[in-house]
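Before any comments, here is the structure.
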Amino acid sequence: MFRTLACALTLAVPLATLAYEAAAASPCAAAGAAERRLVTESFTIASDTPGIALYLRNKRPADLRSFSAQRTLLYVHGATYPSETAFDLPLEGMSWMDYVACHGWDVYLVDVRGYGRSSRPPEMDQPAEHNAPIVDTSVASRDVSSAVGHVLARRRLERLNLLGWSWGTSIMATYAAANPDKVQRLVLYAPLWLRQTPSLIGSDGPLGAYRQVSREQARKRWLAGVPADRQADLIPQGWFEAWADATWATDPAAGKWNPPMLRAPNGVVKDVREYWAAQRPYYDPRAIRAPTLLVHGEWDQDTPGYMAQAIFGLLENAPWKRLVVIGEGTHTVIMERNRMQLLREVQLFLDEPAPTGP
């Protein structure tokens, strides 16, 4: 059974411009691209729910004047952590968002409600056990729909490229399946599919509106499945701390607990139980009609390789498709010593011309 999603695009209206800045020094040399200045714009837009605003960030070359569907990208995060602290975390002076922008792209990220700098539903200000799980894939897909609508209207485009990580792959694939005419290309990094092994998030007990995660729990989950003798050199020195400091700072309530605890909505855990662990696909890959890249890490325990392989076989109507495995990488290879392999493979897919016939 496939969940169908009505994705009428309500054009979101900007509520506030939070920041507009020119980067002091371009990271493009680190990206292996021509040196150029980047600009960053951060703002909020209205969701389809009164009182709920969504945080977006845009990064692009300062000299970019012409915008196209072929070189516009929107990224969304996974089940627990917001977009900006992974996609736009500068490691050795360059974030993944920088890397894409340095190649001449107009790049966006969005936090769905309950994450990062987007509005937190009122249930998150109450004890978790007082409410049912909030912000499931249906809600998250509606938030992506609002973000897509805003970007398309802002740049006067008819389609764009989508990139999702982990749960974000389910969100983006659901949107792409329901809106094939609005998706140029689709990148699914650490894709989620029918589960044959236990999930690393949530438990078998009752679910409240949200869960809380400590930094130590995050580190343990990150290293799950990594051989013991390879754990010490997997994450370069200081990278985990930089990511954790930035991530926990996005939750204004994190410091109320000792140790600090990050809140994350439990809608995704509910969906894992009701769909993925119950062998019920949430979306139909056969409905995806955009070129699609699936990429995952060799040591990924959150979304093991069998998931990407299953989706790959079902992408029957994608014009072309590709499956890439990053050796010696986990679910979070985006912030590990082999991160550049991930960035280069995705950029190759985004930039290359469509294959032609024989």
Since S138 meets every condition but one in (1) more than 19 Å from R60 (Cα to Cα); (2) of a type outside the set (A, V, I, L, M, F, W, C); (3) not in a helix (DSSP H, G or I), which condition does it not meet? (3)
D300 meets each of (1) acidic (D, E); (2) farther than 29 Å from R159 by Cα; (3) in a helix (DSSP H, G or I) with one exception, condition (3)
Can you tell me which residues in the range 319-358 are more than 23 Å from A242 (Cα to Cα), touching a residue at least 60 places away in the same chain (Cβ under 8 Å) and in a loop (DSSP other than H, G, I, E, B)? A354
Sole miss for D351 among (1) exposed (fewer than 15 other Cβ atoms within 10 Å of the Cβ); (2) acidic (D, E); (3) within 26 Å of Q231 (Cβ to Cβ) is condition (3)
Every residue in the range 261-297 that is in contact with a strand residue (DSSP E or B) (Cβ under 6 Å, 6 or more places away or on another chain) and either in a loop (DSSP other than H, G, I, E, B) or surrounded by fewer than 18 Cβ atoms within 10 Å (Cβ to Cβ) (or both), please. M261, N266, A290, P291
Inspect all residues belonging to the range 164-172 and state whether any of them is in contact with a strand residue (DSSP E or B) (Cβ under 6 Å, 6 or more places away or on another chain) and in a strand (DSSP E or B). yes
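Can you confirm whether the range 315-325 contains a residue that is under 30 Å from P133 (Cβ atoms) and surrounded by 15 or more Cβ atoms within 10 Å (Cβ to Cβ)?
Yes, the range 315-325 contains a residue that is under 30 Å from P133 (Cβ atoms) and surrounded by 15 or more Cβ atoms within 10 Å (Cβ to Cβ).
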For residues in the range 184-207 being touching a Pro at 6+ places or on another chain (Cβ under 7 Å) and outside any strand (DSSP E or B), which is farthest from R286 (Cα to Cα)? L207
Residue under question is G238, and the condition is that it be over 23 Å from M307 (Cα atoms), among the small types (G, A, S), surrounded by fewer than 21 Cβ atoms within 10 Å (Cβ to Cβ) and modelled with pLDDT under 95; does it hold? no
Hey, does the range 223-234 have a residue that's modelled with pLDDT under 95, outside any helix (DSSP H, G or I) and within 23 Å of G93 (Cα to Cα)? yes
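Yes/no per residue for (1) touching a residue at least 60 places away in the same chain (Cβ under 8 Å); (2) farther than 27 Å from N317 by Cα; (3) β-branched (V, I, T):
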| position | (1), (2), (3) |
| --- | --- |
| A79 | yes, yes, no |
| P82 | yes, yes, no |
| A86 | yes, yes, no |
| S118 | yes, yes, no |
| P122 | no, yes, no |
| L157 | yes, no, no |
| N161 | yes, no, no |
| S166 | yes, no, no |
Answer yes or no: is there a residue in the range 209-216 that is β-branched (V, I, T), in contact with a strand residue (DSSP E or B) (Cβ under 9 Å, 6 or more places away or on another chain) and in a helix (DSSP H, G or I). no
Which ones in the range 229-252 are small (G, A, S) and touching a residue at least 60 places away in the same chain (Cβ under 8 Å)? A242, A246
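The values are calculated or read from the model by the stated rules, or taken from the named source; none is laboratory data. Here the structure is a predicted model, which means the values were calculated and not measured. Here the Cβ is made from the backbone with ideal geometry for all residues, glycine too, and neighbour counts use every protein chain on show.
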